[in-house]
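K.L.:
After the structure tokens below, expect a handful of questions from me.
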Amino acid sequence: ERKFAHVLPGEHIYKGRLFFGYSPQEILDAVKNFNVREDDVFIVTYPKAGTTWLQEIVWLVVNEGNLQKATEMQVYFRSPFLEFKDLVLNEVGLDLAESMPSPRVIKTHLPLDLAPSGLFTSKCKKIVLFRNPKDQCVSYFHFYRSSSSFGNYQGDWPEFLEMFLDGHVDHGSWFDFTKGWWSKKDNPDVLILFYENMKKDLRSEIKKIAHFVGRSSVSDEIVDSIADHCSFESMRSNPMTNHHDVYSIDKEISPLLRKGIVGDWEDHFTTDQSERFDAEYAQKMAGTEIPFQYHI
Ligand code: A3P
């Protein structure tokens, strides 16, 4: 008997994690052997950390602020989603990445042990973006509701919270993902970022990124123009970044760029739910001490 009523279209279990049909087994198998290049930049996130935001920023940094090209092509095509086979557009992230010239900016949501095996034998850059899990869970809930590829979730918030805590969501458990990647924090080719720090001071995070990917030469003017281009309002109204045309999101239910704030969890979690979350966190994340910020 199923514990949860919601069924993801094409859902399956791969090495202990739940995946939806857009990440089928053959793609997940193929990802392991993906040809990593030394000058690749990987954007590594659990869903709803602010992936799209970081993709746009990193792509612009790597391309020295080429706003012209950024307005000609969806970020979706400039920065492929590795383990994703778009069943509507018939686009495979892996193939898109294979055919791209370097330097590539590649997105993945995979937990550490499912990521390409070449990732740590190469000096390629891995940028891991974290977000406090309460806000991330809320964001995922609204995404589940709005996206037809996730089956337009009809359940309520309390049930979704249980699914999230249980890891019964696409790409599996947040706790599993976060513990795995956090263990790489001292690797010189890994940069850990936090959504909340990007909200607090985007310019300094952009400079940090530029330095990390070997583009310290990017001028203050370019940093400013990237920060302006990547503000919430600007990305939300930009058809190249708001995903209205590429993801199966019903923006009337909830757009991808929904609120873009820190602390929206307080409007969703009851006190009991928050305490329950904290208890699960303490148990599952014991010994990690990741400096998450729930308010800024
Ligand atoms: P909310 O649902 O809390 O608004 P992802 O790209 O990983 O799917 O993450 C989506 C989340 O990142 C959404 O969070 C979205 O609003 C937020 N986001 C995207 N672009 C942003 C920006 N420029 N500034 C702030 N938040 C942004």
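The values are calculated or read from the model by the stated rules, or taken from the named source; none is laboratory data. Predicted, not measured: the structure shown is a model, and the values here were computed from it. All Cβ positions, glycine included, derive from the backbone under ideal geometry; neighbour counts span all protein chains shown. Heads up: the accessible areas ignore ligands, DNA and RNA and are worked out on the full protein's heavy atoms, side chains in. Shrake-Rupley method; radii C 1.70, N 1.55, O 1.52, S 1.80 Å.
K.L.:
I want to confirm something. Restricting to the stretch 208-226 and keeping residues that are assigned to a helix (DSSP H, G or I) and buried (at least 19 other Cβ atoms within 10 Å of the Cβ), which single residue is farthest from the ligand (Cβ to nearest atom)? Please lay out each step first, then the result.
P.N.:
Narrowing the stretch 208-226 to residues assigned to a helix (DSSP H, G or I): 208-212, 220-226.
Filter once more, keeping what is buried (at least 19 other Cβ atoms within 10 Å of the Cβ): 209-210, 212, 222-223, 226.
Working: Ile209: 14, Ala210: 18, Phe212: 20, Ile222: 17, Val223: 15, Ile226: 11 Å.
My answer is Phe212.
K.L.:
Would you check which residues across the stretch 205-234 are polar (S, T, N, Q) and within 14 Å of Trp59 (Cα to Cα) and list them? Steps first, answer last, please.
P.N.:
First, pick out the residues of the stretch 205-234 that are polar (S, T, N, Q): 216-217, 219, 225, 231, 234.
Ser225, the sole residue that qualifies.
K.L.:
Identify all residues within the stretch 23-54 that are within 16 Å of the ligand (Cβ to nearest atom) and either of a type in the set (Val, Ile, Thr) or modelled with pLDDT under 95 (or both); write none if there are none.
P.N.:
Step one: of the stretch 23-54, the residues within 16 Å of the ligand (Cβ to nearest atom) are 23, 42-54.
Selection gives Ile43, Val44, Thr45, Thr51, Thr52.
Condition check ((1) more than 13 Å from the ligand (Cβ to nearest atom); (2) not in a loop (DSSP other than H, G, I, E, B)) across all residues:
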site	(1), (2)
Ser122	yes, no
Gln136	no, yes
Ser139	no, yes
His142	no, yes
Pro158	yes, yes
Met163	yes, yes
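K.L.:
Continuing with the same structure: Taking the condition buried (at least 19 other Cβ atoms within 10 Å of the Cβ) and of a type in the set (D, E, K, R), does Glu159 pass?
P.N.:
On the way: buried (at least 19 other Cβ atoms within 10 Å of the Cβ): no; of a type in the set (D, E, K, R): yes.
Criteria not met by Glu159.
K.L.:
With the condition kept exactly as written, say whether any residue in the stretch 70-79 is open to solvent by less than 10 Å² (accessible area, probe 1.4 Å), more than 27 Å from Gln25 (Cβ to Cβ) and either more than 10 Å from the ligand (Cβ to nearest atom) or basic (Lys, Arg) (or both).
P.N.:
Yes - at least one qualifying residue is present in the stretch 70-79.
K.L.:
Of the conditions (1) among the hydrophobic types (A, V, I, L, M, F, W, C); (2) in contact with a Gly (Cβ under 6 Å, 6 or more places away or on another chain); (3) open to solvent by 30 Å² or more (accessible area, probe 1.4 Å); (4) within 16 Å of the ligand (Cβ to nearest atom), Leu67 fails just one. Which one is it?
P.N.:
Among (1) among the hydrophobic types (A, V, I, L, M, F, W, C); (2) in contact with a Gly (Cβ under 6 Å, 6 or more places away or on another chain); (3) open to solvent by 30 Å² or more (accessible area, probe 1.4 Å); (4) within 16 Å of the ligand (Cβ to nearest atom), Leu67 violates only (2).
K.L.:
Any idea which of (1) within 30 Å of Gln68 (Cα to Cα); (2) modelled with pLDDT of 95 or more; (3) within 15 Å of the ligand (Cβ to nearest atom) is the one Trp265 doesn't satisfy?
P.N.:
(1)
K.L.:
Restricting attention to the stretch 95-109, and to residues there that are out of contact with any strand residue (DSSP E or B) (no Cβ under 8 Å at 6 or more places or on another chain) and in contact (Cβ under 8 Å) with a residue 40 or more places away in the chain, which single residue is surrounded by the fewest Cβ atoms within 10 Å (Cβ to Cβ)?
P.N.:
Going through the stretch 95-109, the residues out of contact with any strand residue (DSSP E or B) (no Cβ under 8 Å at 6 or more places or on another chain) turn out to be 95-96, 98-102.
Imposing the further condition that a residue be in contact (Cβ under 8 Å) with a residue 40 or more places away in the chain reduces the set to 98, 102.
Numbers: Glu98: 12, Ser102: 10.
Here the answer is Ser102.
K.L.:
All but one of (1) open to solvent by 40 Å² or more (accessible area, probe 1.4 Å); (2) within 13 Å of the ligand (Cβ to nearest atom) hold for Ser234, so report the exception by its number.
P.N.:
(1)
K.L.:
Which one is nearest to Glu233 (Cα to Cα) among residues in the stretch 279-295 that are surrounded by 12 or more Cβ atoms within 10 Å (Cβ to Cβ) and not hydroxyl-bearing (Ser, Thr, Tyr)?
P.N.:
First pass over the stretch 279-295, keeping only residues surrounded by 12 or more Cβ atoms within 10 Å (Cβ to Cβ): 280-281, 284-285, 288, 290, 292-294.
Next, from what is left, pick out any that are not hydroxyl-bearing (Ser, Thr, Tyr): 280, 284-285, 290, 292-293.
Numbers: Glu280: 35, Lys284: 36, Met285: 34, Ile290: 29, Phe292: 25, Gln293: 23 Å.
In this case the residue turns out to be Gln293.
K.L.:
In addition: If Ser254 satisfies every condition in (1) near the ligand (Cβ under 10 Å from one of its atoms); (2) farther than 30 Å from Val88 by Cα; (3) among the small types (Gly, Ala, Ser) but one, which is the exception?
P.N.:
(2)
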